[in-house]
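Heads up, the thing below is written out as structure tokens.
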Amino acid sequence: MFFELITRNSRRSRKENGLFFTTLLVSVIAFYIILSLSHQDVMLFLKTMESDAVNRLLTMIPVFYVMTLVVLFFLVYFASKFQLERRRHEFGMYLMMGMTRNRLFVLLLAEDIRSSAIALLTGLPAGVLLSELISLVTARLVGLEIIGHRFTMSLDGILLTAAGFFLIKLAAFLILSVKISRREIGSLLAEKPEETKRQHPAPVYGLALFAGILCLGTAYYLAIRGISWYQIGMMGITVLLGFAGTLLFFYGLRYIFNLIIKSEKRDRRLHVFNARQLQENVVRQSGTMAVSSLLILGALCCFGAGVAIAAYYGQSDPHVLDYTFIPEYTDEPNQEQAAADALDTLRKSGLDTEFSELFEMKIGDIRTAEDFENAYSMNEVLEQAAKFPASDDRDVLLNNLGFADFPSLISLSGYNELLRTAGLPEVELGEGEGAVYMDSSFLNDRQAEIMNTVLADRPEVEVGGNTLRLTGKVQTTAVVTDYSITLSFALILPDDAFQYYTQGQYDVYVNGVLDSSVSEKTGLMQAISEMNERLNETGLNYESYLQNMGRQLFYIVAASYITIYLAIIFLIVANTVIGVQFLMNQQKTNRRYKTLIKLGAVYETLCASAKKQINWYFGIPVFAAAVSSLFAVRALFTGLLSSVTRGSAGEMMFISAAMILMLCVIEYIYMAAVKRSSSRYLLTLMAPEREE
């Protein structure tokens, strides 16, 4: 009988508190995913390429783990307190019917353990599967065809997840159950009186609202203008202004509700009742709502900025080259012999047959002028670009071109070989003509459009004292696989002109593409990894596609995994706190609903009233967080992005806005869950009370 009671109570608790139980499931999944990060295919690959960076990232995981445990403890404590408070009349009846306090304690403990075990048994398998899915999707995002993927499960992650989850649940339960079991039977059976809070004159709330808006506006300005990033002190002031502004804004919302109530001539379906309910809740719980709004803001910023940065780094150039062999520098005027030696080493090692393409890429500098730093000018290009309508893209392009007074030179034959390998049309140049090359990391689509329009007029430029006409379209296909060699601006010249302007002094890189039959057997990652091992034995200096992908993939993992993890934690904590807080306030004011029932209010009217209150109660902090997040994400881009990537902040803001909108949809789902719980509670109040 006792065990049946435990089972029945546990099942009923999960049904009545589905929002809280779902929160626990999501927490378990998030715990396992972050703790099993080191066992995922992506991280195993990164360890071989970027071991130092990955190790530093993994050392941060325990910090996130402990921080999450502390945050979730307060969430579990708060939500469990609400559940126990709802059942205190039930506990009083157990004691009235003869159950001892020790047995009541055991009953509550068993219910909690059973619910926790169900959450773990459901959440851990979901976490394992989701972790594997994330690993595969992340690898696929950057073009890694992982054919040799093997299913992995982190035993340490499972144990730490279970241990941490049980620890916070047990700690919260012990504190709360001791308080409940020690209370007198009369206090458990009696209804708690409504709480009251001292009210201030309306101008006080109006002044607080104005001060809050002023503080928030100042914080937005300092962050977006980049002033906050100059020094730690300014950042501290910005954060303090944002935090204080949010608290004052929510504290001053009572002034808005006063205006709403005074503007109503008559009560439309409990409209004034709803406004007064919200008014009291906002005054009584303004601090809780402000903190919840800040947590939602943190979630929106983490998710919006993290996904945008990850998506930006995930937009890699088309994969053309697998290897670039870098020459060993000698006293020779050019590196032709070094390139020949590299090819000879590949032939002697029998590795040349593994490549479908091996060709030279020649890159040099202008050496026909004594003043190398001013050997090139393109005033006509700058004048034509300046005629375009004013925009950030135009200004960034003009700024970059203004510093291009000593461009690198690229041999036409090598670049055309690269284009043939990529399946792109070749560049055709006549005598006295040149083409423009700009690395894609320095050029977005709009800037490329401006450049192509300018080049269509075949502008004249000065190179080493000679006139040259630029033609064709701007070229962006990477000349080597080494992403540390990026040319912001270069000229592609016919071979004869290239030899003349470089005076025979240039670098020669050997680019290689693995034969398709090699990569199709085991997949690209395994094929290049095996080739790396063989090349290491030859002593050749090289860069591979996967090494560069490793750097790029690390940014994606660091930006997406960590930020999304924090966003999930912040989001579930904030929403659960808001939802539980509303349901607690609704229970505390149950006498008002009972009075409405006696006055003739039907169930549908009460539910409609509660749903409107929930819309406002959730909507106010969510709307405030959503508006603030647009400024906060833009401020993060200002401070975190490099000067090169800052030009793409506008595109990244669109991605962030889409992510923020998606999280707002999740907020709507939370609101729907709270509405269902509220309706179930109101249904219990509809039962007629017996009057003695």
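Any read-out appearing in this document is the output of simple, stated calculations on the displayed coordinates, not a laboratory observation. If you're wondering where the values come from, they're calculated on a predicted model, not measured in any experiment. With ideal geometry, Cβ positions are generated from the backbone for all residues, glycine too; neighbour counts draw on all protein chains shown.
Using the Cα gyration tensor of the stretch 474-518, with a ≥ b ≥ c the square roots of its eigenvalues, what is the shape: rounded (a/c below 1.5), prolate (a/b larger than b/c) or oblate (neither)?
Working: a/c = 2.21, a/b = 1.67, b/c = 1.32.
It is prolate, given that a/c is not under 1.5 and a/b is the larger ratio.
Simple spin-label estimate for His89 and Tyr500 gives 9.8 nm between the two label positions (7 Å along the Cα-to-Cβ direction from each Cα). Extension gain, Glu336-Arg534: 0.36 nm per intervening residue step, less the Cα-Cα distance, totals 68.9 nm. Which of rounded, prolate or oblate describes the stretch 410-517 when judged by the alpha-carbon gyration tensor and an a/c cut-off of 1.5? Oblate is the answer for the stretch 410-517, as a/c is 1.5 or above yet b/c matches or exceeds a/b. For each pair in Lys81/Lys598; Lys362/Lys473; Lys179/Lys588, compute the distance between the two Cα atoms and list the pairs where it is over 23 Å. Over 23 Å Cα-Cα: Lys81/Lys598.
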